[in-house]
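First the structure, in the form of structure tokens, and then the observations on it.
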Ligand code: HEM
Ligand code: HEM
């Protein structure tokens, strides 16, 4: 039996758990694209290089698509399916302590807090990144030119000596954005660690269905 995303929530709730379609392709593709973009900018691209900024703008576009999907997507992908509610999150914690296993058709209330926290942190990273990089039309070309290997090496050395110097003398304002960017990136790493710990915990508690639902090929 397949479950149509257009079912209303009552019909949806009556579907047997194992036949539920939990995440549509847009949710899955945006999830793994966001993961890829973060890994690329954290581990592969040179900080502030043309590639770093391109990946950053791609990340912004993917996040925008997911947020749009939160308003027009299928029921389980909508914001209304996983409201930001600290009260419900506490209730979920109580359920965990009591050994109760409720079925959630979208993110559970604790997971929802984490999702909004990750999205907000990405918003801060994107905003501070754009504040440093400037609008795509102008600064992209400058940055792309700077991204050749020699320039990046020089920039990296300068950064080692003096973080402010790395912003190329643009003064305190850019340094502040750099600090905001770096702090938000570090906080994002903490959130990601908690998110993965949460997924592992829920998978052990409620079964592999949670993880499998986010993988390709599972509808
Ligand atoms: C989650 C994805 C991202 C990660 C993990 C990341 C990581 C970093 C890190 C670690 C730095 C060095 C900060 C420092 O100087 O201490 C940096 C710098 C920078 N990032 Fe990102 N970043 C991301 C997204 C973005 C985005 C979305 C943009 C813009 C569209 C951007 C543009 C920049 C710029 C312009 C710099 C400054 C380089 C300089 O001149 O020193 N980043 N990023
Ligand atoms: C850079 C690392 C990661 C980030 C930023 C991230 C972020 C997110 C976000 C924002 C969501 C909500 C999805 C949506 O509604 O659009 C989510 C859900 C999910 N993520 Fe990740 N994720 C990361 C890594 C991972 C990894 C490595 C796994 C697998 C072990 C994973 C498994 C899941 C699962 C299973 C869900 C759905 C949870 C549920 O059923 O409520 N994520 N993640």
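A straight chain from residue 186 to residue 88 at 0.36 nm per residue would run longer than the Cα-Cα distance by 32.5 nm.
Given the Cα-Cα distance of residue 68 and residue 199 and 0.36 nm per residue of separation, how much length would full extension add, in nm? Mind dumping the intermediate values first?
Details: separation 131, 0.36 × 131 = 47.16 nm, distance 2.44 nm.
Stretched out fully, the residue 68 to residue 199 stretch lengthens by 44.7 nm.
At R0 = 30 Å, how high is the FRET efficiency between residue 43 and residue 98 if r is their beta carbon distance? Nearest 0.05 is fine. Show your work: numbers first, answer last.
Values: r = 41 Å, r/R0 = 1.35.
It comes to 0.15.
What's the FRET efficiency of residue 57 with residue 211 using the Cβ-Cβ distance as r and R₀ = 25 Å, to the nearest 0.05? The pair residue 57/residue 211 has a calculated efficiency of 0.25. Structural descriptor for the range 22-138: relative contact order 26 percent, calculated from alpha carbon pairs under 8 angstrom and at least 6 residues apart.
The packing ranking of peptides 74-84, 53-63, 196-206, highest mean first, is 53-63, 74-84, 196-206, where packing means the average number of other beta carbon atoms within 10 angstrom of each residue.
The numbers here are math on the coordinates, done by the rules we state, and not lab data. Keep in mind that this is a model prediction, so the values were computed, not measured. Positions of Cβ are backbone-derived with ideal geometry, glycine not excepted, and every protein chain shown enters the neighbour counts.
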